[in-house]
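Heads up: the structure comes next, in structure tokens.
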Amino acid sequence: GDFAIYAPITRTVNNDMNTSWVAKDEINLFHAVGETADYVNDTPYLNNAGSPFVCENAAEGYFLGSLYGTLDPEEEYDWYAFYPYLSYIKTPANDNSGYTNIGSKAGSAQVQNGNNSMAHIAGTNYPMAGYAVAVPGGQQPTLEFKHISSLIEFEVVNKLTEAITVTEIQFTAEEDIVGSFYINFAKPEAMKFTSSGAGYTSNTAILSVTGGAEIAPNASAKFYAAVKPFTAKAGSDLTVKVSAISNTGLGAHEKDLT
């Protein structure tokens, strides 16, 4: 008989630091009576099927779906949204269900195509959360989305006498900064990240560079990787390792930051 599969793909795109929606992007949506934590999941997973809100007009950021329950027009509501849509996220106060990748899976690489490009910093490995507060029950909410991950910019300056082409950058901290996390996004000013399990997060972010142009002597290029937001403790060590090729072969430069 007939057979169909569902294959989620990355649709969201980037134009430098501006992330844009693409038709059929999907988000989780929640609401609560204003200033309460009684979250209602408007995108529940029922009968083995999810109910995301779906982007119907990318230019306007217009998403369409069905509310779970009804709203009181005399009441005010707070709204919470999450991208990418994950059917197992049941609440904005998500500490143990519906893990999300930040940057990449542990041990895998983010991929930048070409020097100075930010096009890759978008899609399901780069989560966002949206908020609107004190919206009257009879009014459609407009949510402001914020990036959850932090962006690191690496400027590589070629101090050699021959041209180089960057192939990979690794950034290592003293805590896990990429991989699969449960993200509690109920309070935008106090995000909480919980590892989804041993081996699923890593303290090293790997950026693979494809199609990069040569960097001439004394010239530079920029590269970008996303990580979980974190504060490096005083006295802790951060390490950046840049791998590049030249006419004389493959080499690496490592820089330690305290």
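Sort 199-211, 80-92, 52-64 for me by packing, meaning the mean count of neighbouring Cβ atoms within 10 Å per residue, highest on top.
80-92, 199-211, 52-64
Taking the Cα centre of the range 86-164 as origin and charging only Cβ (+1 Lys, Arg; -1 Asp, Glu), how large is the dipole, in debye to the nearest 20?
220 debye
Would the range 23-105 count as rounded, prolate or oblate if I go by the C-alpha gyration tensor, calling it rounded below 1.5 in a/c and otherwise prolate when a/b exceeds b/c, oblate otherwise?
oblate
What residue among Asn184, Asn48, Asn247 has the largest mean-square fluctuation in a Gaussian network model of the chain, using Cα springs under 10 Å?
So, out of Asn184, Asn48, Asn247, the one fluctuating most is Asn48.
What residue among Thr172, Thr142, Tyr182 has its Cα farthest toward the positive end of the dipole of the range 142-206, where the charges are +1 on Lys, Arg and -1 on Asp, Glu, each on the Cβ?
Positive-end residue among those listed: Thr142.
Determine, from the Cβ-Cβ distance of Val157 and Asn18 and an R0 of 25 Å, the FRET efficiency 1/(1 + (r/R0)^6), rounded to the nearest 0.05.
Computed FRET efficiency for Val157 and Asn18: 0.40.
Any idea what the dipole of the range 1-134 comes to, in debye rounded to 20, about its Cα centre with Lys/Arg Cβ at +1 and Asp/Glu Cβ at -1?
840 debye
Amide H neighbours of Val178 under 5 Å, counting only residues 5+ apart in sequence or on other chains, H built in-plane at 1.01 Å?
Those lying under 5 Å, H to H, from Val178 are Ser202, Thr204, Lys228.
Please name whichever of Thr161, Thr210, Ser246 sits farthest to the positive end of the charge dipole of the range 135-252, dipole taken about the Cα centre and charges placed at Cβ: Lys and Arg +1, Asp and Glu -1.
Thr210
For the range 131-170, which GluC sites (Glu not before Pro) are both in a DSSP coil and crowded by at most 11 other Cβ atoms within 10 Å?
Glu162
About the Cα centre of the range 126-219, how large is the charge dipole given +1 on each Lys and Arg Cβ and -1 on each Asp and Glu Cβ? Please answer in debye to the nearest 20.
400 debye
Among the DSSP beta bridges whose two residues both lie in the chain, what percent are antiparallel, rounded to the nearest 5?
The answer is about 95 percent antiparallel.
Leaving ligands, DNA and RNA out of it, report the carbon-plus-sulfur percent of the accessible area of the range 1-152 at a 1.4 Å probe.
Of all accessible area on the range 1-152, carbon and sulfur atoms account for 49 percent.
The values are calculated or read from the model by the stated rules, or taken from the named source; none is laboratory data. Nothing here was measured: the structure is a model prediction, and the numbers come from that model. Note that we place each Cβ from the backbone using ideal geometry, even for glycine, and neighbour counts take in every protein chain shown. All accessible areas refer to the heavy atoms of the entire protein, side chains included, with ligands and DNA or RNA removed. Shrake-Rupley method; radii C 1.70, N 1.55, O 1.52, S 1.80 Å.
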